[in-house]
1. Return the residues of segment 159-184 that are more than 27 Å from the chain's Cα centre (by Cα) and under 25 Å from residue 145 (Cβ atoms); say none if nothing qualifies.
2. So, residue 109, is that one surrounded by fewer than 17 Cβ atoms within 10 Å (Cβ to Cβ), of a type outside the set (D, E, K, R), closer than 25 Å to residue 22 by Cα and modelled with pLDDT under 90 or not?
3. So residue 129 passes all but one of these: (1) of a type in the set (A, V, I, L, M); (2) more than 30 Å from residue 112 (Cα to Cα); (3) in contact with a helix residue (DSSP H, G or I) (Cβ under 7 Å, 6 or more places away or on another chain). Which condition number does it fail?
4. So which pairs qualify, if the first residue must be in segment 84-113 and without any contact (Cβ under 8 Å) to a residue 60 or more places away in the chain, the second must be buried (at least 19 other Cβ atoms within 10 Å of the Cβ) and of a type in the set (S, T, N, Q), the Cβ gap must be under 6 Å, and the two must be at least 6 apart or on different chains?
5. Considering only helices (runs of 4 or more DSSP H) fully contained in segment 100-216, which possess at least 1 residues that are over 30 Å from residue 8 (Cα atoms) and in contact with a Phe, Trp or Tyr (Cβ under 6 Å, 6 or more places away or on another chain)?
6. Checking residue 81 against (1) more than 17 Å from residue 5 (Cβ to Cβ); (2) in contact (Cβ under 8 Å) with a residue 40 or more places away in the chain; (3) among the aliphatic types (A, V, I, L, M): exactly one of these is not met. Which one?
7. Just give me the residues in segment 49-60 being under 11 Å from residue 84 (Cβ atoms) and of a type outside the set (Asp, Glu), in sequence order.
Amino acid sequence: MTSLLIVDDHPIFRKGLVALISDSFPGYKIKEAVDGKEAMLALEKQPFDITILDIDMPEKSGIDVLDFILEKKIRTKPVILTMHNDELFFNEAFDRGAQGFVLKEDSSLEIIDCIENINKNLPFVSQKLTGFLHNRHHFSAHLGAIKEALSSLTKAELSTLKLVSENKSSKEIAELLFVTEKSVENYRSRICKKLNISGGSNTLYKWTIANKELIK
């Protein structure tokens, strides 16, 4: 029997959601929690196949519960159900393991489709937020390409790139790496080619500022 935990501090909305899901999935075992703290206690006591979470709740938020699920390695499929049409919350939720993100304003139309997707191990996003998902996929692909390019750098090129990020001049880099200034210029040129960076002499430094976390 599929088990489901619904976590929301608004009793009228929560009861309506229970009724809606029960009508569509009469065999489901559904439990309710009024806030994030109560949800954590419930998740520790028994497993739930799906956990539907509001973001804004007293005691502990839905994001806190997602962190708790990750930390405790609890086997459940989390879905965020929220009024927040916000890309920051959207990315935070998926970064923390959410498998669905549904807007409350569309929940009566989309929550059943969401549950069906989750049961098939497919993610679900409200139709109004598909642009957020596209941006996320585009960013992930871009990030992957940068990481791959960085992995292609030689040890000398990577050392040069890290020193460029500290705004060191070619002369300073040459002295620190015990090579000629000409060698440093060659390193910089090859780095720019591998990372597909074009522009003036300061372009590489600007790139390192924008991508400092990746360089570390």
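1. Selection gives 159, 160, 161, 163, 164, 166.
2. Numbers: surrounded by fewer than 17 Cβ atoms within 10 Å (Cβ to Cβ): yes; of a type outside the set (D, E, K, R): yes; closer than 25 Å to residue 22 by Cα: yes; modelled with pLDDT under 90: yes.
The answer is yes for residue 109.
3. (2)
4. Matching pairs, first to second residue: 102/126; 103/126; 106/126; 110/126.
5. Numbers: elements: 107-119, 130-151, 155-165, 170-177, 181-194, 203-210, 212-215.
Ranges flagged: 155-165.
6. Of the numbered conditions (1) more than 17 Å from residue 5 (Cβ to Cβ); (2) in contact (Cβ under 8 Å) with a residue 40 or more places away in the chain; (3) among the aliphatic types (A, V, I, L, M), the odd one out for residue 81 is (1).
7. Here is the first cut: in segment 49-60, the ones under 11 Å from residue 84 (Cβ atoms) are 54-56.
Across segment 49-60, the qualifying residue is only 55.
The values are calculated or read from the model by the stated rules, or taken from the named source; none is laboratory data. Predicted, not measured: the structure shown is a model, and the values here were computed from it. With ideal geometry, Cβ positions are generated from the backbone for all residues, glycine too; neighbour counts draw on all protein chains shown.
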